[in-house]
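*Asks:* Supplied in structure tokens, the structure appears directly below.
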Amino acid sequence: MKRNESVNNVMTKNVHKITLNTKLSEARELFSNNGIHHLPVMSGDQIIGILSYNDLMRIDSGELYNQDPKQADVLLDNLSSVREAMTRKPVTVDLSANVKEVTSILAEGKFHAVPVTEKNDVLVGIITSTDLLKYYLSEAY
């Protein structure tokens, strides 16, 4: 197994992104429609935060899921914002990082995705626990 495999060969490159102006209902829709759990929050080319599906679940006031979907979205957008729900200054790795480095970071269990950046912290991808599991499975069999 190649533990020094470049993250460039394992990461997701076509990353869905949001901004501080994105409504949480729009983020929820991105999660739902794309089977993803993490959205980098961008200011231009710079990553300033990350919003996870779990961040949205923490907003649930108990009223959200007893509503029809449109009402729940209105309530979600009124309860919080991307700025309030996101994790600011997320841990990132440089494009030169390898699989072993990212595995060590994710193994700490604090989160399940690490944005990948290059010069000047420009986002170029994201590597998730799922990406690593798929990589390790492909190497094992």
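Readers should treat all values here as calculations from the given coordinates under stated rules, not as data from a laboratory. Keep in mind it's a predicted model, so treat the numbers as computed, not measured. Positions of Cβ are generated from backbone atoms using ideal geometry, with glycine treated the same way; all protein chains shown enter the neighbour counts.
*Asks:* Scan the chain and report its longest stretch carrying no GluC sites (Glu not before Pro) that are both in a DSSP loop and have at most 13 other Cβ atoms within 10 Å.
*Replies:* On the way: sites that count: Glu63, Glu108.
My reading of the result: 1-62 is the longest stretch.
*Asks:* If you don't mind, there's one more thing I want to ask. Rg and Dmax of the range 7-140 over Cα atoms: what are they, in angstrom?
*Replies:* Cα-based Rg and Dmax for the range 7-140 come out at 15.6, 47 Å.
*Asks:* What does the C-alpha gyration tensor say about the overall shape of the range 7-48? Classify as rounded when a/c is under 1.5, otherwise prolate if a/b is larger than b/c, or oblate.
*Replies:* On the way: a/c = 3.22, a/b = 1.23, b/c = 2.62.
Cα axes put the range 7-48 in the oblate bin.
*Asks:* Here's something else I'd like to know. Can you tell which of Pro69, Pro40, Pro115 shows the greatest fluctuation in a Gaussian network model of the chain with Cα springs below 10 Å?
*Replies:* Pro69
*Asks:* I've got another one for you. Hey, what did the range 7-140 get for relative contact order, percent, Cα under 8 Å, at least 6 apart?
*Replies:* With pairs under 8 Å counted, the relative contact order is 30 percent.
*Asks:* Let me ask you something else. How many nm separate the modelled label positions at Gln46 and Lys110, each set 7 Å beyond the Cα in the direction of the Cβ?
*Replies:* Each label point is offset 7 Å from its Cα along the Cβ direction, giving 2.1 nm.
*Asks:* Taking 37 °C and 0.692 mPa s as the conditions, I'd like the Stokes-Einstein D for the range 72-141 in µm²/s, using the Kirkwood hydrodynamic radius from alpha carbon pairs.
*Replies:* Values: Rh = 14.1 Å.
Rounded, D is 233 µm²/s.
*Asks:* Sticking with this structure for a sec: Give me the dipole magnitude in Debye, nearest 20, for the chain about the Cα centre, with unit charges on the beta carbon: positive for Lys and Arg, negative for Asp and Glu.
*Replies:* So the magnitude is around 300 debye.
*Asks:* Could you compute the FRET efficiency for Arg83 and Tyr53, with r as their C-beta to C-beta distance and R0 at 22 Å, rounded to 0.05? If you can, show how the numbers build up before the last one.
*Replies:* Details: r = 17 Å, r/R0 = 0.79.
Computed FRET efficiency for Arg83 and Tyr53 comes out at 0.80.
*Asks:* May I have the count of lysine pairs in the chain with C-alpha atoms under 19 Å apart, counting pairs 8 or more residues apart or located on different chains?
*Replies:* Lysine pairs, 8 or more places apart or on different chains, close enough: 12.
*Asks:* Kindly write out, for the range 30-42 in residue order, the coupling ³J(HN,Hα) from the Karplus curve 6.51 cos²θ - 1.76 cosθ + 1.60 (θ = phi - 60°), rounded to whole Hz, with x marking Gly and Pro.
*Replies:* So the J values, rounded to whole Hz, are 4, 4, 5, 7, 10, x, 10, 10, 9, 10, x, 9, 10.
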